[in-house]
Every structure is written in structure tokens, then in C-alpha cells.
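Single-structure report; data block below.
The values are calculated or read from the model by the stated rules, or taken from the named source; none is laboratory data. Note that the coordinates shown come from a computational prediction; the quantities given were computed from them, not determined experimentally. Every residue, glycine among them, receives a Cβ derived from its backbone with ideal geometry; neighbour counts consider all protein chains shown. We work out accessible area using only protein heavy atoms, side chains counted, and drop any ligands, DNA or RNA first. Shrake-Rupley method; radii C 1.70, N 1.55, O 1.52, S 1.80 Å.
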Amino acid sequence: MRTRFTVNGESREVEHDTRATLLDALRDQLGLTGTKKGCDHGQCGACTVLLNGKRVNSCLCLAAMHEGDEVTTIEGLGSPEALNALQKAFVAKDGYQCGFCTPGQIVSATAMLEELRAGDPSYASASLEGEMPLDDAEIAERMSGNLCRCSAYPLIREAIAMAAEVKS
């Protein structure tokens, strides 16, 4: 089967088995290995990508279901030569240990900050409406779908808070 979608701003076409996940298409067909295969069950967040601007676990998405969609991976957010604000903050705050979960953490945090700007509440939000302060509890709740086996959570939250200050 063939599926066409836009990946990191570039129109791409992949030929794949109908059972192939979006994660496998990105990694195996397109060579975008920044997105990691962690648990392969949607529980760890290592495979997080933006799909039409929303964060998803790409291991749970069939590639065939995303004809014409727009996918953004960690490679589409910045490069070693031109890091984005979150990537710089992760480096500055040492928001990574082994680095395996870092791409998923950064992609998820990118979407999380957009959700916050749009006024989407979380379970930790004090109110369902109005301004939602980005405190440590809010970041922890919004990032709860991304696991870090090295337990770098405090540094990850500090990096996200730092990047949020830079962007505002």
C-alpha cells in the first residue's frame, strides 16, 4: 500500500504493509530515527510526534490512516545547528540522561505549550477557563504520558518552564 503525507514540511510517500505503524514508516521507510520505539504499546511516549499539530503516540497509529496528514517529528523542530527553544533548554538544564526519551519529551512539550496557550485545561488546572499558570504541577500533569527511565523529571520540567519563559 502507498500512503502520502507531509513530514517535517516535505511531501513524502511510503510503500508499506497495511499493518505498518506510523512509527515504523517514519523510522524504516523514511529514515527518521529520532522518533524512538520504546514500549510499542502507547505507554511510554518515546514515539510522540505531532499529527496535524496534535501530539500522538505514533506506535498506535497505522500509517495507512494518515493519507494527506501533516506529521512533525523531532527532526522537524530543530537541528544540531539550529536548536529550537525547548532543545536549548533541555541542554541548558540537563533535561536528559540517556537521551532515549528526549525526542518524545521535546515533541510532547511542544504540543503541551500550544495546548496551554490555547487555554486547554488539564486535570491539574485550577480552573477550566481563563489563564492557566505554568507551575510545576501543571507541567508534570501535562507531561505524564512521557516516561523517563532515568528519572530526569525535575530537570525536564525545569527545561520546559525555561523554554516557556523564552517563548512568552
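The table below lists the values:
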read-out	value
Meets criteria (in contact (Cβ under 8 Å) with a residue 40 or more places away in the chain and of a type in the set (S, T, N, Q)) for T33	no
Residue match in the stretch 108-124 (condition: open to solvent by 60 Å² or more (accessible area, probe 1.4 Å), within 18 Å of R55 (Cα to Cα) and among the basic types (K, R))	yes
Test: Q87 is touching a Phe, Trp or Tyr at 6+ places or on another chain (Cβ under 8 Å) and at pLDDT 95 or above	no
Residue list for the stretch 36-68, restricted to those being open to solvent by less than 30 Å² (accessible area, probe 1.4 Å), within 18 Å of H16 (Cα to Cα) and part of a loop (DSSP other than H, G, I, E, B)	C61
Checklist (1) modelled with pLDDT of 95 or more; (2) more than 22 Å from G31 (Cβ to Cβ); (3) of a type in the set (D, E, K, R); (4) open to solvent by 70 Å² or more (accessible area, probe 1.4 Å) applied to R157, failing item	(4)
Count of the stretch 95-145 residues which are assigned to a helix (DSSP H, G or I) and not aliphatic (A, V, I, L, M)	13
V71 being in contact (Cβ under 8 Å) with a residue 60 or more places away in the chain, part of a strand (DSSP E or B), crowded, with 16+ Cβ neighbours inside 10 Å and touching a Leu at 6+ places or on another chain (Cβ under 8 Å)	yes
Conditions (1) in the same structural domain as S151 (by the TED database); (2) under 14 Å from the mean Cα position of the chain (by Cα); (3) open to solvent by 70 Å² or more (accessible area, probe 1.4 Å): number failed by C101	(3)
